[in-house]
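Reviewing the structure listed below.
Each value in this text was obtained by applying a stated rule to the coordinates, not by laboratory testing. Keep in mind that this is a model prediction, so the values were computed, not measured. So basically every Cβ, Gly included, is an ideal-geometry build from the backbone, and we count neighbours across all protein chains shown.
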Amino acid sequence: MSTARVRLGVLVSGGGSNLQALLDACTREDFPAEVACVVSNVPTAHALERARAAGVPAVVVDHKAHASKAAFEAAILEALGAAGVQWVCLAGFMRLLSADFLGRFAGRVLNIHPSLLPSFPGLHAQRQALERGVKVAGCTVHFVDAGTDTGPIIGQAAVPVLPEDDEKSLSARILVEEHRLYPLAVRLAVTGQVTLDGVRTRVAAPPSTGELALRSPGATT
Ligand code: GRF
């Protein structure tokens with residue numbers, strides 16, 4: 001007998017490659033979640049096509065078409081509610097959510113960010129990393145709080161920064177890890193294996209999913 005899958009709502013603004021990674025994970029029989037709804041604040045986002053191709057309801061809630069942030073968020077909540085969403089995943093969603101919104105899904109909103117937080121929050125994380133001259137970069141999945149990329153960290157994956165890297169090459173290397181890490185973190189979170197402990201999390205990962213902090217081979221000195 002199979003247990004009911006957790007219903008995810010994925011919020012997007014762009015290409016949606018992380019959405020795709022989640023959609024692909026959800027095709028696996030043993031994955032504990034399904035994408036019930038995708039919401040984009042950008043009407044032209046390619047992520048919408050990815051959702052439709054997977055047979056998932058795709059909704060546009062354009063922030064520009066709403067008079068206030070409260071109205072914008074109310075429209076998103078309506079779409080998520082209509083789809084019976086239980087957990088929310090931000091996947092390249094370029095708007096900040098209010099504490100009010102987050103309170104509606106308390107402890108059930110996740111984000112992926114292309115840096116090893118708390119370094120380089122906000123926009124252009126990969127560019128920030130290159131400009132600062134770090135030798136290791138990566139990505140982070142974290143719970144969302146009302147700050148910018150400040151919530152408790154669930155998992156991280158590291159990649160080397162190579163001498164010849166530019167923003168494009170580093171972003172591509174990080175993205176490969178994002179696509180691996182996000183489904184893994186979602187699996188752990190929605191199955192209750194991640195608990196909050198103040199600003200930290202405790203992750204009770206079984207051995208097969210114990211790779212929440214990777215050290216990539218080939219790192220340069
Ligand atoms: C990813 O790098 C993600 O970490 C960041 O925005 C980018 C979105 O890419 N938040 P995609 O739309 O998932 O391809």
- Item | Kyte-Doolittle mean at least 0.0 and Cα axial length at least 24 Å: DSSP H helices in the chain | 167-190
- Taking other Cβ within 10 Å of each residue's Cβ, how do C37, C26 sort, fewest first? C26, C37
- Answer in debye to the nearest 20: the dipole magnitude of the chain about its Cα centre, from +1 Lys/Arg and -1 Asp/Glu charges placed on Cβ, is 200
- Note on the structure: Output ordering of 5-17, 124-136 (per-residue mean of other Cβ within 10 Å, highest first) is 5-17, 124-136
- Note on the structure: Restricting to Cα pairs under 8 Å and 6 or more apart, the percent relative contact order of the chain works out to 18
- Note on the structure: Rg/Rh of segment 19-89 (Cα atoms, Kirkwood Rh), to two decimals, equals 1.00
- Kirkwood radius from Cα pairs of the chain plugged into Stokes-Einstein at 20 °C, 1.002 mPa s, gives D in µm²/s equal to 121
- Report Rg(Cα)/(2.2 N^0.38 Å) for segment 70-191, keeping two decimals. 1.12
- Item | Highest average packing first - 42-55, 163-176, 181-194, Cβ atoms within 10 Å | 181-194, 42-55, 163-176
- Quickly estimate the mean residue ellipticity at 222 nm for the chain, helices only: each DSSP H run with n ≥ 4 gives -39500 (n - 2.57), and the total goes over all residues, rounded to 500. -10000 deg cm²/dmol
- Among the lysines, select those whose C-alpha is under 25 Å from the C-alpha of K168, and discard any that sit fewer than 8 residues away in the same chain. K135
